1. Give the residue that is most open to solvent (accessible area, probe 1.4 Å), with candidates limited to residues of segment 119-130 that are in a loop (DSSP other than H, G, I, E, B) and at pLDDT 75 or above.
2. Among all residue pairs at least 6 apart or on different chains, which show Cβ distances below 7 Å where the first residue, located in segment 47-58, is without any contact (Cβ under 8 Å) to a residue 24 or more places away in the chain and under 17 Å from ASP88 (Cβ atoms) and the second is assigned to a loop (DSSP other than H, G, I, E, B) and open to solvent by 40 Å² or more (accessible area, probe 1.4 Å)?
3. Just need a number here: residues in segment 1-42 that are open to solvent by less than 80 Å² (accessible area, probe 1.4 Å), at pLDDT 85 or above and in contact with a Ser or Thr (Cβ under 9 Å, 6 or more places away or on another chain).
4. State which residue pairs qualify: first residue touching a residue at least 60 places away in the same chain (Cβ under 8 Å) and more than 16 Å from ARG49 (Cβ to Cβ) and inside segment 67-87, second residue surrounded by fewer than 16 Cβ atoms within 10 Å (Cβ to Cβ) and of a type in the set (Val, Ile, Thr) in any location, beta carbons under 6 Å apart, and separation of 6 or more residues or different chains.
5. Kindly indicate whether ALA55 is on the phi < 0 side of the Ramachandran plot and at pLDDT 85 or above.
Amino acid sequence: MSLVLVVFFPVMVIRDQRISAKPETAIALITEKRFDEGGSEEPSSYHVRYRFRAASGVEFRSGATVGERLYDKVQVGDGIEIQYEADDPSNNRVPGEFNPRILEILGMAVMGLYFFGYLGPRRWLRTWRGEPDPIFK
């Protein structure tokens, strides 16, 4: 699972960089707002769904996690500026909005790499050499 996160985080960064390389902008119409109240272990999150028309004339529907300030500021039916990748409008974002889940995913990826390094190759090498398992010392 941790290795999946190590792959997932770079994919998110690459998608974001592709938008930055060839950005197009459009005004999107907010179609839905959703607030997910966090529990004791999870932060609350704010989501908006929107639709926009790309320069090609094709309409796209998408959504984004946004900050509380933007969430409170907009209503269903309002327009917001979005950026999308010129070659692939389905890859889009609300500029200036930071998804806090990225830090959570990055933290889990770092922990996953640490545990993989500690429990994986180190343990295998010691067992292969005939030394006692470092976990059971």
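1. Restricting attention to segment 119-130, the residues satisfying the condition of being in a loop (DSSP other than H, G, I, E, B) are 120, 129-130.
Checking which are at pLDDT 75 or above leaves us with 129-130.
Values: ARG129: 140, GLY130: 66 Å².
By that ranking, first place goes to ARG129.
2. Qualifying pairs under 7 Å: none.
3. 2
4. GLN83/THR25
5. Answer is yes for this residue.
The values are calculated or read from the model by the stated rules, or taken from the named source; none is laboratory data. Since the model is a prediction, treat every value here as computed from it, not as a measurement. Glycine gets a Cβ as well: all are built from the backbone with ideal geometry, and neighbour counts include every protein chain shown. Heavy atoms of the whole protein, side chains included, go into the accessibility calculation; ligands, DNA and RNA do not. Shrake-Rupley method; radii C 1.70, N 1.55, O 1.52, S 1.80 Å.
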